[in-house]
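Everything below concerns the one structure shown next.
The values are calculated or read from the model by the stated rules, or taken from the named source; none is laboratory data. This is a predicted model, so every value here is computed, not measured. Cβ placement follows ideal geometry from the backbone for every residue including glycine, while neighbour counts extend to all protein chains displayed. Side chains included, ligands, DNA and RNA excluded: accessible areas come from the protein's heavy atoms. Shrake-Rupley method; radii C 1.70, N 1.55, O 1.52, S 1.80 Å.
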Amino acid sequence: MNLAVVGAQWGDEGKGKLIDILSEKVDITVRYQGGNNAGHTVIVGDKEYIFHLIPSAILRKEKVCVIGNGVVIDPKALLEEIDGLKKRGLPMTEKQLKISANAHVVMPYHRVMDQLRESKRANKIGTTGRGIGPCYSDKVGRMGVRMIDLLNPRVLQAKLADNLNEKNDIFVKVYNFKNYDFSEIYNEYLNYGRRLKSYICDTALYLNDAIDQKKSVLFEGAQGTFLDIDFGTYPFVTSSNATIGGVCAGTGVAPAKIGKIVAAVKAYTTRVGEGPFPTEFDTKMNECIRTKGHEFGSTTGRARRCGWFDSVLVRYAATISGANELAIMKLDVLDELKEIKIATSYKYKGKTYKDYPHDMEVLANAKPVYETFPGWQTSTREIRQWSKLPVNARRYLERLEVLLKVKVKYISVGSKRDEIVVR
Ligand code: GDP
Ligand code: IMO
Ligand code: MG
């Protein structure tokens, strides 16, 4: 059985931990979008790993991990990740990791353009500064460099020359920044190509052949629905489809083969970066949950903004991605609270919004209407069975199921691999 994990909030739902658990039962795990803007944390024993480009299943040495064509790859960052994992004892052979020939490459000028654009915007997005937006822009603008191009000096030469021809003008004339030297980038990137060559292949064919041979595939999403370029809180989003549509476009696997779709959410909400966040806590409560949940970005270290669970948003996310199951992560972070709230609609200028409003002015100013639940005020970290969860915790989760119209299958009660309830 294949399955996909999709973030149903603003990213950092705990997808890494969930993928690590689910990957035990599959043969192959594939990332389908995003780049090293992602930070997926996996904790096994006393060891912590943060994955940016490599699928979170890599710790299972006998399984295969794939970086799909929908991902944008910064080869420097990827090689650092590969080398780091080798140092920690993982083989990182081409049997274990495969990289799509068609995945687009993040170039040095993408990273700088990302930061320069942000610095000029009055309404900042708060990007990770990893060059993700400019790289996807070049992909869509048909200016992009693909992984396969790093293996062909003539193609890389022609593409890079064209790019620098246009970009150096923009860097110098618009941004008053430097000229990029052709040979420096050309040699650097040919070298990356040489080092990554053995991993690069047609991953779409590889995945489809594997599925034909009855192997199972887990599709690993990065970011979350409200950072999706089409369905998110635009323009405060990332530049890829973090929703289920990203799976097909980003791997070359057809919709009917995706299998089960698991929407991952936190038991509350967080967001890192700018943009509307209706259920955001006040300063004091923000600090309280940030401390309990260690809510600091795994890629940039920025403090995450925290708030109550927003069922208006997550219901929309579950609909868009056709979620079959819910994974509720970080329930333990709410363990000590006296009261817990869920937003069920918004009010703005006398009007009630039961569904996600796409007018960002409405979303930014809407006041959430809450249902309030008594907390359970006892630790859930040792619990491994649904029936052993405190009654108030079950009531909270059961209410979420009703509001979201999706069954809760996984409840995570701690950051470690075994701290999970499977219902
Ligand atoms: P991802 O981007 O969706 O993979 O999520 P991140 O790894 O960026 O952020 C999730 C954070 O929560 C990580 O530090 C995890 O170790 C941690 N985490 C995951 N599940 C749980 C849980 O159930 N309880 C607690 N307390 N921490 C968790
Ligand atoms: P994972 O996979 C949380 C946010 C950034 C910014 C916006 C655009 O770990 O859940 P970008 O660099 O992508 O152009 O930034 O998206 N963002 C994330 N927030 N988790 C992520 O990934 C994110 N990846 C990007 O903070 O608001
Ligand atoms: Mg993350």
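A compact table of results
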{"item": "All positions within the range 35-66 that are surrounded by 18 or more Cβ atoms within 10 Å (Cβ to Cβ), touching a Phe, Trp or Tyr at 6+ places or on another chain (Cβ under 8 Å) and not in a loop (DSSP other than H, G, I, E, B)", "result": "His40, Thr41, Val42, Val66"}
{"item": "The range 320-346: number of residues that are part of a loop (DSSP other than H, G, I, E, B) and of a type in the set (Val, Ile, Thr)", "result": "0"}
{"item": "Any chance Ile320 is within 16 Å of ligand 1 (Cβ to nearest atom) and either open to solvent by 20 Å² or more (accessible area, probe 1.4 Å) or touching a helix residue (DSSP H, G or I) at 6+ places or on another chain (Cβ under 9 Å) (or both)", "result": "no"}
{"item": "Sole residue being away from ligand 3 (no atom under 16 Å from the Cβ), part of a helix (DSSP H, G or I) and buried (at least 18 other Cβ atoms within 10 Å of the Cβ), chosen from Asn208, Asn241, Asn187, Asn163", "result": "Asn163"}
{"item": "Residues of the range 222-239 satisfying the condition of being more than 17 Å from Thr270 (Cα to Cα) and either touching an Asp or Glu at 6+ places or on another chain (Cβ under 7 Å) or within 8 Å of ligand 2 (Cβ to nearest atom) (or both)", "result": "Ser239"}
{"item": "Matching residues, the range 211-229, being part of a loop (DSSP other than H, G, I, E, B) and over 15 Å from the mean Cα position of the chain (by Cα)", "result": "Gln213, Lys214, Lys215, Ser216"}
{"item": "Flag if Glu287 is farther than 26 Å from Ile420 by Cβ and out of contact with any helix residue (DSSP H, G or I) (no Cβ under 7 Å at 6 or more places or on another chain)", "result": "yes"}
{"item": "Subset of the range 10-21 (residues that are within 11 Å of ligand 2 (Cβ to nearest atom) and open to solvent by 10 Å² or more (accessible area, probe 1.4 Å))", "result": "Asp12, Gly14"}
{"item": "Residue list for the range 106-150, filter: open to solvent by 60 Å² or more (accessible area, probe 1.4 Å), farther than 18 Å from Thr238 by Cα and in contact with a strand residue (DSSP E or B) (Cβ under 8 Å, 6 or more places away or on another chain)", "result": "Arg146, Ile148"}
{"item": "Any chance Tyr180 is under 23 Å from Leu78 (Cα atoms) and not in a helix (DSSP H, G or I)", "result": "yes"}
{"item": "Top-ranked residue in the range 275-305 [being closer than 27 Å to Val42 by Cβ and of a type in the set (Val, Ile, Thr); ranked as surrounded by the fewest Cβ atoms within 10 Å (Cβ to Cβ)]", "result": "Thr291"}
{"item": "Residue match in the range 83-100 (condition: surrounded by 24 or more Cβ atoms within 10 Å (Cβ to Cβ), charged (D, E, K, R), closer than 27 Å to Asp202 by Cβ and in contact with a Phe, Trp or Tyr (Cβ under 9 Å, 6 or more places away or on another chain))", "result": "no"}
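Matching residues to (1) buried (at least 20 other Cβ atoms within 10 Å of the Cβ); (2) under 21 Å from Val262 (Cα atoms):
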| position | (1), (2) |
| --- | --- |
| Lys347 | no, no |
| Glu382 | no, no |
| Val391 | no, no |
| Val413 | yes, yes |
| Ile420 | no, yes |
